[in-house]
1. Just a yes or no: is a residue in the range 104-120 in contact with an Asp or Glu (Cβ under 9 Å, 6 or more places away or on another chain), modelled with pLDDT of 95 or more and farther than 18 Å from ILE64 by Cα?
2. Under 6 Å between Cβ atoms, which residue pairs at least 6 apart in sequence (or on different chains) link something in the range 55-74 that is in the same structural domain as ILE95 (by TED's automatic domain parsing) with a partner that is of a type in the set (Gly, Ala, Ser) and in a strand (DSSP E or B)?
3. Scan (1) in a loop (DSSP other than H, G, I, E, B); (2) modelled with pLDDT under 70 for the single condition LEU147 breaks and write down its number.
4. Taking the options ILE137, ILE121, name whichever one is surrounded by 15 or more Cβ atoms within 10 Å (Cβ to Cβ), of a type in the set (Val, Ile, Thr), more than 14 Å from the chain's Cα centre (by Cα) and assigned to a strand (DSSP E or B).
5. Please specify each residue of the range 38-68 satisfying the condition of being hydroxyl-bearing (Ser, Thr, Tyr), part of a strand (DSSP E or B) and over 17 Å from PRO131 (Cβ atoms).
Amino acid sequence: MLAARGTLNPDRIRRRCVLLLAVGALVLLAAQASVWHASAQEKVYHLAANAISLDVATNGALRIEERLTFSFDLGTFSFAYRDIPWRGFDDLVDISVLDGAQVPLNYTVSFAPQATGDWHIRWTFPLVTAPAIRTFIVRYTVTNALLQPASALNRLDWQ
């Protein structure tokens, strides 16, 4: 049905309304999908427990073992990390990372003296879906960690 120029065609108006409703529904669906996607990527965890032991060597090195227990509360997890500030020692050596059953895990180490001044140890583990609790053991040695402010006095500054 043709309408004269300048007059309203009810069929044309109806088609435009249906088209606008369809586009609006698609926009809402896309927005909802992005919310679902964002919530699917959300991760919540906290450090449930930690225990640290230090062995002081006669050469001023410290052998450190950190037992870190993570509570994975929401999401999936496959890696963790530990940042160690570069303060009060020369170098970080003899690094190892194990799971709670003492199985060695793959890890990488990076050092950013200009950016953060931190040593960054990042390890991977089999995928964990929350809720779950996992313990990791991070061992390392820091060299030249004792200060000697006087000939008869040694001082340890470690946090």
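The values are calculated or read from the model by the stated rules, or taken from the named source; none is laboratory data. These figures come from a predicted structure and were not determined experimentally. Counting neighbours? That spans all protein chains shown, and the Cβs are built from the backbone with ideal geometry, glycine included.
1. no
2. Correct list of pairs: GLU65/SER53; ARG67/ALA51; THR69/ALA48; THR69/ALA49; SER71/ALA48; PHE72/ALA132.
3. (1)
4. ILE137
5. Answer for the range 38-68, where residues must be hydroxyl-bearing (Ser, Thr, Tyr), part of a strand (DSSP E or B) and over 17 Å from PRO131 (Cβ atoms): just SER53.
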